[in-house]
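Written out below as structure tokens is the structure these notes cover.
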Amino acid sequence: MAKIKNISPLGDLSIPSLGIDVKLGEVVEVSDEAAAELLGQPDNWTAADKAAASVTPSTPDQPAEAN
């Protein structure tokens with residue numbers, strides 16, 4: 001489990017896949033997998049503990065370059 005903080009310029013956020021609403025500035029605990037996905041949105045979320053800081057956000061696979 002990892003803790004993440006809502007820093008969104010939009011204010012409060014809803015995460016339907018987790019069934020939670022997170023107020024601006026609020027810290028919530030989510031699974032490591034969810035933290036990785038959400039931390040991939042650095043304008044909206046930041047790590048709030050060491051566990052979240054160690055989670056690597058998912059990145060889409062890069063297509064192979066054509067020669």
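Nothing in this text is a laboratory measurement; each read-out follows from the coordinates by a stated rule. Treat the numbers as computed from the prediction; the structure is a model and nothing was measured. Don't worry about glycine lacking a Cβ; one is built from the backbone with ideal geometry, like all the others, and counts go over all protein chains shown.
Here the extension length gained between Asp43 and Leu18 equals 7.1 nm, from 0.36 nm per residue of separation less the Cα-Cα distance. Subtracting the Cα-Cα distance of Ala51 and Met1 from their residue separation scaled by 0.36 nm leaves 17.3 nm.
The protection proxy used here, the mean number of other Cβ atoms lying within 10 Å of each residue, ranks peptides 8-17, 39-48 as follows, highest first: 39-48, 8-17.
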